[in-house]
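Structure first, then comments.
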Amino acid sequence: MSLLGLFRWLGGTPVGALIRDSTWGFAIVEMIHLLALAVLGGTILILDLRLIGLGLRRQPVRLLARELSPWFTGSLLVMVVSGTVLTSGETLKCFYNQAFRWKMLLLAAAIAFYYTLHWKVVRSDGGEVGIASRLAGVISLMLWLSVGVAGRAIGLI
Amino acid sequence: MTFLFDICQFLNDSAIGTAIRESDLMFPIIESVHVLGITLLVGTVAILDLRLLGLILRREPVSQIAGQILPWTWAGFAIMFASGFLLFWAEAVKCYGNPAFRLKVLLLVLVGLNPSIFHSTIYRRVSEWDTASVTPARARLAAVLSLSLWSGVIVTGRAIAYFKSALR
């Protein structure tokens, strides 16, 4: 199935129809999307600020990563599911929307970075904030920030 | 209440309010900053609340988490408040009659009262329960209130735009 076909199929599902036809469906799912954003953004901020050497400096990076990772994964999951439901309500608009395409690319890059290089830096933490740690924190923050900005732009263009 | 409305009308018609409203880019840019401010403010507040509830960082002293995080929470608050006021400035008259906006202001007052009470009561004796993995009931209550009220602020904040279109 082509990518466009996938979007068409998503729009044709009962969920897509429900979101399109109901008055408050889109709004409610969007609010859930935003609430999860606060949690996801919070966990990313705390961990990345720590990698840069700011915020919770007295706690080891590895401890923060271990404690926050269920919240990261959980809120990311809620965001992806609610985001997919939102997309199902306006599949063709999203498919042809430049901001949406950028957001998906950046999201893929942010997730890939998080589970590869970022993860490596977190695990190899030796207690000192080195250049690799700072760099990983800054790159991660920039990637996630750009996902958010591109996401906001979907409704504007 | 006409006094409040007059203030809204005045802000709405002022040069700055008009400029933000009529610009293609200003409103969405300020709005994006506002949403990023939410992440900083509510994200850091949530970390402390989850610690109070004993859900994360159970072995770390509460006062240490609070002390290190508070500057970031205030930074988020400053960004939220400044950008939020600019957004209100541009649409003050619409906001005045908007039920979601009114509810949001009410929730903001409550969400401001909560930490004031928390810090002037139970948190004063934090040294007694600083390292407890599960904190006293009143501290946990404050955390639950904080998480629900901030969620309410986010939800009503987003709802402002929907009511605007519903009333138009």
(request) Return the ratio Rg/(2.2 N^0.38 Å) for region A:3-154, where Rg is computed over Cα atoms only. (result) 1.17
(request) Using label points projected 7 Å from each Cα along Cα→Cβ, tell me how many nm separate A:Ala108 and B:Ala75, to one decimal. (result) 3.2 nm
(message) Just want the ordering: B:Ser146, B:Ser14, from fewest to most Cβ atoms lying within 10 Å of their own Cβ.
(response) B:Ser14, B:Ser146
(message) Under a Cβ-only charge scheme (Lys and Arg +1, Asp and Glu -1), can you give me the dipole magnitude of region B:104-168 about the Cα centre, in debye to the nearest 20?
(response) 340 debye
(request) Rank these for me by crowding, A:Phe113, B:Phe5, going from fewest to most other beta carbons within 10 Å. (result) B:Phe5, A:Phe113
(request) Compute the whole-percent fraction of alpha carbon pairs in region B:11-101 spaced more than 15 Å apart. (result) 65 percent
(message) Along the Cα→Cβ direction, 7 angstrom out, place labels at B:Val144 and A:Arg101. What is the inter-label distance in nm?
(response) 4.9 nm
(request) Could you work out the relative contact order of chain B, using alpha carbon pairs under 8 angstrom and six or more residues apart, expressed as a whole percent? (result) 32 percent
(message) Among B:Leu113, B:Leu141, A:Leu141, which residue has its Cα furthest toward the positive end of the charge dipole of the protein assembly as shown, with +1 on Lys/Arg Cβ and -1 on Asp/Glu Cβ?
(response) B:Leu141
(request) Would you mind working out the magnitude of the charge dipole of the protein assembly as shown relative to its Cα centre, with +1 at each Lys and Arg C-beta and -1 at each Asp and Glu C-beta, to the nearest 20 Debye? (result) 600 debye
(message) Suppose every Lys and Arg Cβ carries +1 and every Asp and Glu Cβ carries -1, with no other charges. What dipole size does chain B come out with about its Cα centre, to the nearest 20 debye?
(response) 540 debye
(request) Would you please give the FRET efficiency between B:Phe85 and B:Leu106, computed as 1/(1 + (r/R0)^6) with r the Cβ-Cβ distance and R0 = 22 Å, to the nearest 0.05? (result) 0.80
(request) Please report, largest first and rounded to whole Å, the three semi-axes of the ellipsoid equivalent to region B:45-158, where each semi-axis is the square root of five times an eigenvalue of the C-alpha gyration tensor. (result) 31, 14, 11
(request) For A:Arg62 paired with A:Lys120, estimate the spin-label separation in nm (one decimal), with each label point 7 Å from Cα along the Cα-to-Cβ line. (result) 1.8 nm
(request) Quick one, could you list the DSSP H helices from chain A stretching 24 Å or more along their long axis (Cα atoms) with average Kyte-Doolittle hydropathy of -0.5 or above? (result) A:25-52, A:61-88, A:131-154
(request) Per DSSP H run of at least 4 residues, take -39500 (n - 2.57); add these up for the protein assembly as shown, divide by its residues and hand me the 222 nm value, nearest 500 deg cm²/dmol. (result) -27000 deg cm²/dmol
(request) Place a label point 7 angstrom from the Cα of B:Arg125 along the Cα-to-Cβ direction, then list the residues of region B:45-81 whose backbone nitrogen is under 14 Å away. (result) none
(message) Using a 10 Å cut-off around each Cβ, can you sort A:Glu90, B:Glu22, A:Glu128, A:Glu67 from fewest to most neighbouring Cβ atoms?
(response) A:Glu128, B:Glu22, A:Glu90, A:Glu67
(request) Write down the Kirkwood hydrodynamic radius of the protein assembly as shown, to one decimal in angstroms, obtained as one divided by the mean of 1/r over all alpha carbon pairs. (result) 21.3 Å
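Read-outs: derived from the displayed coordinates by stated rules, not from any lab. Treat the numbers as computed from the prediction; the structure is a model and nothing was measured. All Cβ positions, even for glycine, are placed from backbone atoms using ideal geometry, and neighbour counts span all protein chains on display.
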